[in-house]
Amino acid sequence: MVLSPVGWQDLPDLQALKGNPLVFAHMLGGVRSPGQVAEELAQDVAFWPAHGVGMWLARDVSGQAALGLTGVHERPDGRGMGLRFAFRPEMRGRGLAREAAGAALRFAHDQAGLRRVVAVARDSNFSSRVLLGAIGMRPCDAFERDGHPMLVFESVATRPPAAAWR
């Protein structure tokens, strides 16, 4: 698997991923229209230079097939910088999301200098909860969204990176 920061060349792949209810139905905001994906991509492209971190598209080793996406982006609910991941259903169960999300989390702490990163998962989403625990995130809070119990996980870096914490 190869992770690369999202760019305009990824628009068709992102529209396919974010428009697929099997991939995005339970994400905050749900399934996206092609126009919404383009708007989000513009924000994602601008986010990288402003924050030193952002979203990556995960591709197979040939660099051709889009497998999913992961990264860190500011949460719209004010909870902080949030880890995100979503993979095509046929990629699940192979450890790819865990590998990609773990890489994004390490990058956020070690390269971008983020001291704290959060992630939110439905209480009923056992797979996401296991993945978040496997990469070292721990439950720290809970809330309800649209009638669904949600769990907040956090990762707090204990050693400073080369740059100061943000």
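The values are calculated or read from the model by the stated rules, or taken from the named source; none is laboratory data. On a predicted model such as this, the values are computed, not experimentally measured, just so you know. Positions of Cβ are generated from backbone atoms using ideal geometry, with glycine treated the same way; all protein chains shown enter the neighbour counts.
For the stretch 9-56, a residue qualifies if it is touching a residue at least 24 places away in the same chain (Cβ under 8 Å), outside any helix (DSSP H, G or I), among the hydrophobic types (A, V, I, L, M, F, W, C) and in contact with a helix residue (DSSP H, G or I) (Cβ under 7 Å, 6 or more places away or on another chain), and the qualifying residues are Val53, Met55, Trp56. Tell me, yes or no, whether the stretch 113-127 has at least one residue that is at pLDDT below 95 and in a helix (DSSP H, G or I). Yes, because at least one residue in the stretch 113-127 is at pLDDT below 95 and in a helix (DSSP H, G or I). When Arg84 is tested against (1) surrounded by 19 or more Cβ atoms within 10 Å (Cβ to Cβ); (2) in a strand (DSSP E or B); (3) free of Cβ contacts under 8 Å to residues at least 60 places away in the same chain, just one condition goes unmet, and that condition is (1). The single residue among Pro89, Pro76, Pro139, Pro149 that is touching a residue at least 60 places away in the same chain (Cβ under 8 Å), surrounded by fewer than 19 Cβ atoms within 10 Å (Cβ to Cβ) and at negative phi turns out to be Pro89. For the stretch 78-96, which residues satisfy the criterion of being more than 17 Å from Ala25 (Cα to Cα) and modelled with pLDDT under 95? Scanning the stretch 78-96 gives Gly78, Arg79, Gly80, Gly93, Arg94, Gly95, Leu96.
Take Leu105 and tell me if it is in a helix (DSSP H, G or I), at pLDDT 95 or above, touching a Ser or Thr at 6+ places or on another chain (Cβ under 7 Å) and buried (at least 18 other Cβ atoms within 10 Å of the Cβ). So Leu105 fits the description; yes.
For Arg59, the conditions (1) out of contact with any helix residue (DSSP H, G or I) (no Cβ under 7 Å at 6 or more places or on another chain); (2) farther than 16 Å from Leu11 by Cα; (3) modelled with pLDDT of 90 or more all hold with the exception of (2).
Filter the stretch 68-81 down to the residues that are outside any loop (DSSP other than H, G, I, E, B), in contact with a Gly (Cβ under 8 Å, 6 or more places away or on another chain) and farther than 11 Å from Ala100 by Cα and list them by number.
Result: Val72, His73, Glu74.
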